[in-house]
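A short write-up of the structure that comes next.
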Amino acid sequence: MDRRTFLTRSAAVAGGVALSRASACARATNPATKTPLTNWAGNLRYSTGNVHYPTSVEQVQQVVKNCDKLRALGTRHSFNTIADSTRNQVSLRGLNKVVSLDRRSNTVTVEAGIKYGELCGYLHENGYALHNLASLPHISIAGAVATATHGSGVKNGNLATQVAAIEFVDAAGEVIYLSRHNDGEQFQGAVVGLGALGVVTKLTLDLLPTFDMKQVVYLDMPMQELARDFDAIMSSGYSVSLFTNWKNKSINEVWIKSRVGPTAAPAPEFHGARAATRNMHPVAEQSAEPCTEQMGVPGPWYERLPHFKMGFTPSTGAELQAEYFVPLEHAYEAMMAIETLHDQMTPHLFISEIRTVAADELWMSPCYHRTCVTFHTTWKPEPDAVSRLLPLVEEQLFPFGAVPHWAKLFTMSPAVLEARYARIADFRRLVNQYDPAGKFRNEFLSRNIYG
Ligand SMILES: Cc1cc2nc3c(=O)[nH]c(=O)nc-3n(C[C@H](O)[C@H](O)[C@H](O)COP(=O)(O)OP(=O)(O)OC[C@H]3O[C@@H](n4cnc5c(N)ncnc54)[C@H](O)[C@@H]3O)c2cc1C
C-alpha cells in the first residue's frame, strides 16, 4: 500500500464514539457499524470501531467504569496487536497538556496523550531537556513508556526510565498514583505496563538542563571494525546508531550524536568509514528532507536525538518493523549470527538499525538488569516474507538471550518470554491487584504474558 492510499484510508476511519455516550460503553452501539482505526503503518486494522475520546481524568474514569473490556490507545505506532481490542479502545489524544513544571525537583508532569514533539520545544524554552528520545517525536509519551521505547546510548536507559511518577485509572475506575520515591517495587513494575494495569492519565518525567548536540554521519564502515571493540564504537558519542542492509559485511551509515563541547571539527574518517558530505536518510536512496540536521551543525537536543523531524513522515511509511534486545556482551557474535541470513533478508529490507540501551530496574523492560544491544529491522510491507524471516532471525539470536520489542512484530513463543523475564510472575500479580477481572487484558496479553 503506498503512502497516499494509507493516508486516504486513515482519514476515512477518523472518528469514533463521542464521550457523551460513554455511559453506553458496555452495551455499546454495535462496533461493526463503525470502521475501526488502523495503526500508523496500516498493517493492522483494530478489531473494534468503538473508540472513546475523553478530555479529562474524570471522563477516563467514567469510560473505565462503564466498559467491561477496554484498551488504551496512544498514537497507534505499534506494529503488532498490543493496543488492539475487540470491544473498546480509549484514546488519550485529548489529554495532551503540560500539567506543571517543577523547578525544585527538575521534573515535568504531563497528560499521558502528549507527544514528545509537543513537549520538547516547551522544555527547551524553559531550560530543560529529556535525557533521550526515540527515532521519531510523533509518538505519545504514554505509549512509548508502556512499551519501553528507546533511543540509543550505552549509558542511556530507555524512555520509561525518565518516569518519576505515574497516575493511572485502574479497572475499578480509581485514580492510582505511584512514584519512584515512595512506591519502590510497585512503581518499577507498573511503568512498562503494556497497558495492562489501567489507563495512564499523567506522567512525571525527570529533566536535565537543556543542551545542544550535533550529529555526524559516516559511510561504509566494515563490520569487522566492530569485532575489535563494539563498546568503544557505540560509546563514541552520546547516542550512536549503526544502519546496515547486511550487504558486503558493511555498516552503511554510522550516526554519531554528541553533546556540543569545545571539540574540533569532525574527523574525516571513522574506523574506515568516511564522513558524509550531505545530510543522509537511514535508507541512503531516500531523501534526507524528513531527517534531522547532520553535518556537525549544532542544535537543541530535541532536534538532533531523533532521526526524523516532526511534520514529516518518519522512516519510510508503508513498512513493517521488528527489533530484538540482546545483552551487550554478545553484540558482535549476535550481529554476525544475523549476518548469516543476509541473502534471505536483504531483498525484503529497507534497513536495519543497531543501537544500545542501558540497564534499568523496570520489571517488563527488555533491559531489566542488563545493558543491551538492539537489532532493529525495517522491512518492506511484505507480511508473508516477514513472517517467514522473523523465526529465522529469532533462531539466530536465541542463544544470546534475545527478547523482542513489545510494540513490534515477533513470533517468539510465550515460553521463551516467560523464561527470559525474571519478574513476569510479579508483574502478573501486580496486574491482578489493579485489574483482577482482566478488563484491560487483550489477546496479545493473554498470549504473551498469560500464555
Ligand atoms: C516510524 C516508527 C519509528 C519508531 N521508532 C522507534 C524507536 O526509535 N525506538 C523504539 O523503541 N520504538 C520505536 N517505534 C515503536 C514505537 O515507539 C512504539 O510503537 C510505541 O509504543 C508507540 O507509542 P504509541 O503512542 O503509538 O503507542 P500505541 O501503539 O498507541 O500503544 C502501544 C501500547 O501502549 C499502551 N498505551 C498507550 N497509551 C496508554 C495509556 N494512556 N495508558 C496505558 N497504556 C497505554 C497501549 O495500550 C499499547 O499497549 C517506532 C515506531 C514507528 C512507527
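What follows is calculated from the coordinates using simple rules that are stated; it is not laboratory data. Quantities reported herein were computed from a predicted structural model and do not represent experimental measurements. For neighbour counting, all protein chains shown are included, and Cβ atoms are generated from backbone atoms with ideal geometry for every residue, glycine included.
Things to note:
- For the chain, calculated [θ]222 nm from helices alone, where every DSSP H run of n ≥ 4 adds -39500 (n - 2.57): -7000 deg cm²/dmol
- Among the trypsin sites (Lys or Arg not before Pro) within segment 277-386, those in coil by DSSP and having at most 15 neighbouring Cβ atoms inside 10 Å are Arg278.
- When the alpha carbon coordinates of segment 191-258 are projected onto the principal axes, the ranges are 47, 31, 19 Å, largest first.
- Which listed pairs, of Lys247/Lys408; Lys380/Lys408; Lys65/Lys439; Lys34/Lys380; Lys214/Lys408, have C-alpha distances above 22 Å, in listed order: Lys247/Lys408; Lys34/Lys380; Lys214/Lys408
- Distance between segment 128-203 and segment 371-392 - C-alpha centres, whole angstrom: 26 Å
- Furthest towards positive pole of dipole, Leu392, Ile233, Gly143, structure part the chain, Cβ charges: Gly143
- Highest average packing first - 282-289, 119-126, Cβ atoms within 10 Å: 119-126, 282-289
- Counting only alpha carbon atoms, the long axis of helix 3-12 and the longest principal axis of the chain meet at about 10°.
- Environment charge of Leu95, counting only residues whose C-beta is closer than 15 Å and scoring Lys/Arg +1, Asp/Glu -1: 0
- Relative contact order computed over the chain (Cα-Cα under 8 Å; 6+ residues apart), in percent: 16 percent
- Quotient of the Cα radius of gyration of segment 27-179 and 2.2 N^0.38 Å, N being its number of residues: 1.09.
- DSSP beta bridge pairing in the chain, given as percent antiparallel to the nearest 5: 90 percent
- Partners of Lys257 within straight-line reach, counting aspartates and glutamates whose Cα lies under 20 Å from its Cα and excluding those fewer than 8 residues away in the same chain: Asp212, Asp220, Glu225, Asp229, Asp231, Glu269, Glu289, Glu293, Glu303, Glu353.
- The DSSP beta bridges internal to segment 290-391 are antiparallel in roughly 95% of cases.
- Model label sites at Ser47 and Glu329, defined 7 Å from Cα along the beta-carbon direction, differ in position by 4.1 nm.
- Ranking His271, Ile338, Trp379 by Cα position along the charge dipole of the chain, where only Lys, Arg, Asp and Glu carry charges on their C-beta atoms, puts Trp379 farthest toward the positive end.
- Average projection, convex hull of the Cα set of the chain: 20.1 square nanometres.
- Rg and Dmax of segment 368-429, Cα atoms only, in Å: 13.0, 39
- Listed by chain and number, the lysines whose C-alpha is less than 21 Å from the C-alpha of Lys97, apart from same-chain residues fewer than 8 away, are Lys115, Lys202, Lys309.
- Placing +1 on the Cβ of every Lys and Arg and -1 on the Cβ of every Asp and Glu, with no other charges, gives segment 42-177 a dipole of roughly 300 debye about its Cα centre.
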